[in-house]
Amino acid sequence: MTLTSKIQRYLILILILNSFNTYAIQQPTKAELIATIEKANDYWQSAHVDPGNPSWDNAAYQTGNMEAYFVTANERFLQYSEKWAIKNQWKGVKGNDSTKWQYKYGETADYVLFGDWQICFQTYIDLYNIAPDSIKIARAREVMEYEMSTARNDYWWWADGLYMVMPVMTKLYRVTGNTMYLDKLNEYFSYACSIMYDSKANLFYRDAKYVYPAHKSVNGKKDFWARGDGWVFAGLAKVLKDLPKDSKYRKVFLKYYKDMAKAIIKSQQPEGYWTRSMLDAQHAPGPETSGTAFFTYGLLWGINNGYLKEKSCLPAAIKGWKYLSTVALQPSGKVGYVQPIGEKAIPGQVVDANSTSNFGVGAFLLAASEMVRFTDNLQLK
């Protein structure tokens, strides 16, 4: 190791330790982080022995559960996801007539092309990679390959859909080697950006209904919903994880990711959380866990993988984790302060320590798992 590299390593360690000290949280050990993951996940799974249907909210939880398994090697977590996948026959909704398949909002069997019923494929693919069996990804391939065969490009018309489906595309590319998954990923994402992205704020509106100035926060500001932008930011991190390093699309996704990171950090509250309306804290004041967890996950992933600078991003990530681990996580293991299912920040809506949900726990597990990896990386430096 050269003198220069030794100095760099020393400065990085000082930066990390100062970040923890500044925000009044002792650097957790890997064992402590795994205990935190197991506390939250055991609480959720013991209260939900039936893992539920393949809808987006259960599936979002499962994406976090799988990451928790990857960092803890806890077989119970893996078995819970397997139980869920088998129960749902490795499918989303089960309509078989492709001429009737829909992709706008819907909950019946024919809404096969609606992203809320495709996020389940992420976990099915992860389970396939652990123990390959074609049945695990047969429906995922059938649905996504049919979708790609159509001339439409407007499948992702709401921010949540970018988390639901973008990682499915890159995961299936990894399995199949079919470059059409990447071409269509870029095409569909380009459409989504054209209707939801604000290039000045570097954030996404939840959907076209919320674009400023047609829609405003209570104080007349642009209204960016934290969980909606959390879905996008976390989705971009997942895409970059699986997108080939030499992909012609990598620079595009990386630019959106980095620009979002800067905007996200600017809107963080001093206590470490993000309010539901990111740029108008008074629109729906107080802490919210799901958006905060997705942001914390996305920031930590970028730091862990060398895409975000520790100097500018680590303090925000540590503040986010402090909130998640000391305020959101209750002594019982319940993950609180999760805004209920919805699509916007709602003035007057009560979100408190008892407000929990499956997707909120999933987001918490994502962030906690990246904290484990951060600790592993720190020990290697």
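A short reminder: the numbers here are calculations on the coordinates, not readings from a lab. All figures in this text were calculated on a predicted structure; none of them were measured in a lab. A quick note on method: Cβ atoms are made from the backbone with ideal geometry, for glycine too, and the neighbour counts reach across all protein chains shown.
Straight-line cross-link partners of residue 184 among the lysines, defined as a Cα under 17 Å from its Cα and at least 8 positions apart when in the same chain: 171, 238, 248, 251.
Positive-end ranking of 124, 305, 186 along the dipole of the chain, with charges on Cβ about the Cα centre, is headed by 305. Under 5 Å between amide hydrogens, built in the peptide plane, is the criterion, and for residue 203 it picks out 198 among residues at least 5 positions away or on other chains.
Mean-square fluctuations from a GNM of the chain, with a 10 angstrom spring cutoff on Cα atoms, peak among 202, 186, 178 at 178. The helix-only estimate of mean residue ellipticity at 222 nm for the chain, built from DSSP H runs of length n ≥ 4 each weighted as -39500 (n - 2.57), is -19000 deg cm²/dmol after division by the residue total. In terms of overall dimensions, region 190-256 has a Cα radius of gyration and Dmax of 13.5, 45 angstrom. The value obtained for the chain, namely the Cα convex hull volume divided by the number of residues, is 141 Å³ per residue. Volume per residue for region 235-313 equals 89 cubic angstrom (convex hull of Cα atoms).
Coupling constants for region 180-188 follow from the phi torsions by the Karplus curve (6.51 cos²θ - 1.76 cosθ + 1.60, θ = phi - 60°), and in residue order they are 4, 4, 6, 4, 6, 3, 5, 5, 5 Hz; glycine and proline get x. Each peptide among 190-198, 66-74, 147-155 gets the average number of other Cβ atoms lying within 10 Å of its residues, and from highest to lowest they stand as 66-74, 190-198, 147-155.
Taking amide H as placed 1.01 Å from N in the peptide plane, residue 329 has its amide H under 5 Å from the amide H of 336, each at least 5 places away in sequence or on another chain. Listed values for region 75-82 are Karplus-derived 3J(HN,Hα) couplings in whole Hz (6.51 cos²θ - 1.76 cosθ + 1.60, θ = phi - 60°), namely 5, 4, 5, 4, 5, 5, 5, 4, and x replaces Gly and Pro. Hey, if you put +1 on the Cβ of every Lys and Arg and -1 on every Asp and Glu Cβ in the chain, which of 290, 219, 162 ends up farthest toward the positive end of that dipole? The Cα lying farthest towards the positive end belongs to 219. Each residue of region 29-39 was assigned a 3J(HN,Hα) from its phi angle through the Karplus expression (A = 6.51, B = -1.76, C = 1.60, θ = phi - 60°), giving 7, 4, 4, 5, 5, 5, 4, 5, 4, 5, 4 Hz with x at Gly and Pro.
Normalised by the number of residues in the chain, the average gap of Cα pairs under 8 Å and 6 or more apart makes the relative contact order 19 percent.
Would you please classify the overall shape of region 30-92 from the alpha carbon gyration tensor, given that a ≥ b ≥ c denote the square roots of the eigenvalues, rounded means a/c under 1.5, and beyond that prolate means a/b larger than b/c while oblate covers the rest? Here region 30-92 falls in the prolate category. Note on region 166-218: Cα-only Rg and Dmax are 14.8, 48 Å.
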